[in-house]
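The numbers here are math on the coordinates, done by the rules we state, and not lab data. Worth saying up front: this structure is predicted, and the values here are computed from it rather than measured. Here Cβ is always computed from backbone atoms with ideal geometry, including for glycine, and neighbour counts include all displayed protein chains.
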Amino acid sequence: MVGPAHAAAIEEARRLGAAGWKVNGAGGSGGSLTLVAGSSATSATAPALARALGALDAGWTVLELAPSRVGVVVEELPMR
Amino acid sequence: MLRVVPSRPYAVRATAPVRVADVGGWTDTWFGGPGRVCHLAVGPGVEVRARRTNRTGGAPSVVLESTALDPPVTVTQTADGRWAGGSSVRHLMLEEAVCEVLEGVPADEVGRVEVVIGSQVPPGASLGTSAAVVVSLLAALDTLLAGGRRTPEELAVLAHRVETVRARREAGVQDQWAAAVGGASLLEVDPYPTVRRTPIPLSDAVVAELGQRLVTVVFAPHDSSAVHREVIGAHCPRRWLDTRRGVTRASRDRRAGPDGVGRAPRCRHRPMGRVAAGMHQLAAGAS
């Protein structure tokens, strides 16, 4: 479900030439949106897109997330 | 799963990714299947640190701390030998995850354990953070206390069971799988909650490009389980739900394997026609 915040962010992303977007999870109010910045010379880069979205609403948080090929990992910590 | 730990470690750190782009969501639920979903695991996600303490005396216990847990959550052994937490329903899922591991471990092996949970992602961001926390918590305690024999796939199944059966929350299966195995996957869910996973290869170029071009914006906290309940209540006829719950229960009991043995019958009254518009709009989230 595309809520008002999703719609506002999508409109801004479209204006800045984003290549695509996806509402994460169940949708509805709140939650999050993931976008792919455009690759053309006229589209905004990811950092510029992030700045523009952050400026739309001070209550929003923009995250820098990157693909993770690995799942859960467990490692030992040194004894203190 | 990568494990770099001795047989009886003093302290461990478990990390797990969250996920974005959960395409086909809702079909991985007990009421929306049979399901086909895919997703992309992303990080940094969550981190769970667990360590044995030197404190002596008192009942064996596991104490969970996090900026979101105030006061800390404590799971202790009761006089009748059961493990139980004492916090509100809000943290039931974490308590149940701890109990799930402790129930297979002798109490004198547990002693006192402190756990610190951290996340780079705000709670309620619709990124599968809760599932990633439960997977990491199970993995950390399993390694610290139970020999670390569980595979990532087993942790995914266990984490989903903790959330839906022990903590009685509504949830699909894909968040737990994304956190446990990472990468991109196609998950076929039939019968629920049985999962057949096909990894989707990600080339170095794709990973690098997505790393440069992905932007995720979080709007406000969101309760996925509450949205599930809202959809179920609004769109699914009670008679159909009762039938479906019976099918799901039977399926879970049979624990069908990848060969399809124990396949649950389909409900002929699955209300996809009437519900499709609402559910699929919610499911896809695409525009």
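Can you name the number of the only condition in (1) among the polar types (S, T, N, Q); (2) within 12 Å of another protein chain (Cβ to nearest Cβ); (3) touching a residue at least 12 places away in the same chain (Cβ under 8 Å) that B:Thr164 fails?
With (1) among the polar types (S, T, N, Q); (2) within 12 Å of another protein chain (Cβ to nearest Cβ); (3) touching a residue at least 12 places away in the same chain (Cβ under 8 Å) applied to B:Thr164, the lone miss is (2).
Looking at (1) farther than 15 Å from B:Thr76 by Cβ; (2) more than 10 Å from chain A (Cβ to nearest Cβ); (3) not in a helix (DSSP H, G or I), which is the one condition that is false for B:Val121?
Unmet condition: (2).
Here is a check on your reading of the model: is B:Thr164 surrounded by fewer than 24 Cβ atoms within 10 Å (Cβ to Cβ), closer than 29 Å to B:Thr216 by Cα and among the hydroxyl-bearing types (Ser, Thr, Tyr)? It would help to see each step written out before you state the result.
Working: surrounded by fewer than 24 Cβ atoms within 10 Å (Cβ to Cβ): yes; closer than 29 Å to B:Thr216 by Cα: yes; among the hydroxyl-bearing types (Ser, Thr, Tyr): yes.
Criteria met by B:Thr164.
Which one of these is free of Cβ contacts under 8 Å to residues at least 60 places away in the same chain, in contact with a strand residue (DSSP E or B) (Cβ under 8 Å, 6 or more places away or on another chain), among the small types (Gly, Ala, Ser) and within 22 Å of B:Leu92 (Cα to Cα): B:Ala132, B:Ala156? Give the steps one after another, and end with the answer.
On the way: B:Ala132 fails: free of Cβ contacts under 8 Å to residues at least 60 places away in the same chain.
Testing whether each residue is free of Cβ contacts under 8 Å to residues at least 60 places away in the same chain, in contact with a strand residue (DSSP E or B) (Cβ under 8 Å, 6 or more places away or on another chain), among the small types (Gly, Ala, Ser) and within 22 Å of B:Leu92 (Cα to Cα) leaves just B:Ala156.
What about B:Glu65, is it charged (D, E, K, R), away from chain A (no Cβ under 14 Å), touching an Asp or Glu at 6+ places or on another chain (Cβ under 8 Å) and outside any loop (DSSP other than H, G, I, E, B)?
On the way: charged (D, E, K, R): yes; away from chain A (no Cβ under 14 Å): yes; touching an Asp or Glu at 6+ places or on another chain (Cβ under 8 Å): yes; outside any loop (DSSP other than H, G, I, E, B): yes.
It is true that B:Glu65 is charged (D, E, K, R), away from chain A (no Cβ under 14 Å), touching an Asp or Glu at 6+ places or on another chain (Cβ under 8 Å) and outside any loop (DSSP other than H, G, I, E, B).
Looking only at residues in segment A:25-80 that are in contact (Cβ under 8 Å) with a residue 24 or more places away in the chain and more than 15 Å from the chain's Cα centre (by Cα), which one is surrounded by the fewest Cβ atoms within 10 Å (Cβ to Cβ)?
A:Thr42
Quick one: how many residues across segment B:186-201 are surrounded by fewer than 17 Cβ atoms within 10 Å (Cβ to Cβ) and not in a strand (DSSP E or B)?
1
So that you can scan it fast, the table gives a plain yes or no per residue for (1) at the interface with chain B (Cβ under 7 Å from one of its Cβ atoms); (2) touching a Gly at 6+ places or on another chain (Cβ under 9 Å):
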{"site": "A:Gly28", "(1), (2)": "yes, yes"}
{"site": "A:Leu35", "(1), (2)": "yes, yes"}
{"site": "A:Ala41", "(1), (2)": "no, no"}
{"site": "A:Thr45", "(1), (2)": "no, yes"}
{"site": "A:Ala58", "(1), (2)": "no, no"}
{"site": "A:Val62", "(1), (2)": "yes, yes"}
{"site": "A:Leu65", "(1), (2)": "yes, yes"}
{"site": "A:Ser68", "(1), (2)": "yes, yes"}
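Quick one: which of B:Ala132, B:Ala179, B:Ala171 is within 9 Å of the chain's Cα centre (by Cα) and not in a helix (DSSP H, G or I)?
After applying the criteria, what remains is B:Ala171.
Look through segment A:1-24, keep the residues that are at the interface with chain B (Cβ under 7 Å from one of its Cβ atoms) and in contact (Cβ under 8 Å) with a residue 40 or more places away in the chain, and return whichever of them is surrounded by the fewest Cβ atoms within 10 Å (Cβ to Cβ).
First, pick out the residues of segment A:1-24 that are at the interface with chain B (Cβ under 7 Å from one of its Cβ atoms): A:1-2, A:5, A:9-10, A:22-24.
From what is left, the residues that are in contact (Cβ under 8 Å) with a residue 40 or more places away in the chain are A:5, A:9.
Values: A:Ala5: 22, A:Ala9: 28.
The residue in question is A:Ala5.
Among the listed residues B:Thr164, B:Thr129, B:Thr143, which satisfies the condition of being over 30 Å from B:Phe219 (Cβ atoms) and polar (S, T, N, Q)? Even if it seems obvious, please write down each step before you answer.
Working: B:Thr164 fails: over 30 Å from B:Phe219 (Cβ atoms); B:Thr129 fails: over 30 Å from B:Phe219 (Cβ atoms).
After applying the criteria, what remains is B:Thr143.
Restricting to segment B:44-61, name every residue that is touching a residue at least 60 places away in the same chain (Cβ under 8 Å), surrounded by fewer than 24 Cβ atoms within 10 Å (Cβ to Cβ) and not charged (D, E, K, R).
At the first step, the residues of segment B:44-61 found to be touching a residue at least 60 places away in the same chain (Cβ under 8 Å) are B:44-53.
Subset that is surrounded by fewer than 24 Cβ atoms within 10 Å (Cβ to Cβ): B:44, B:47, B:49, B:51-53.
Residues satisfying the conditions are B:Pro44, B:Thr53.
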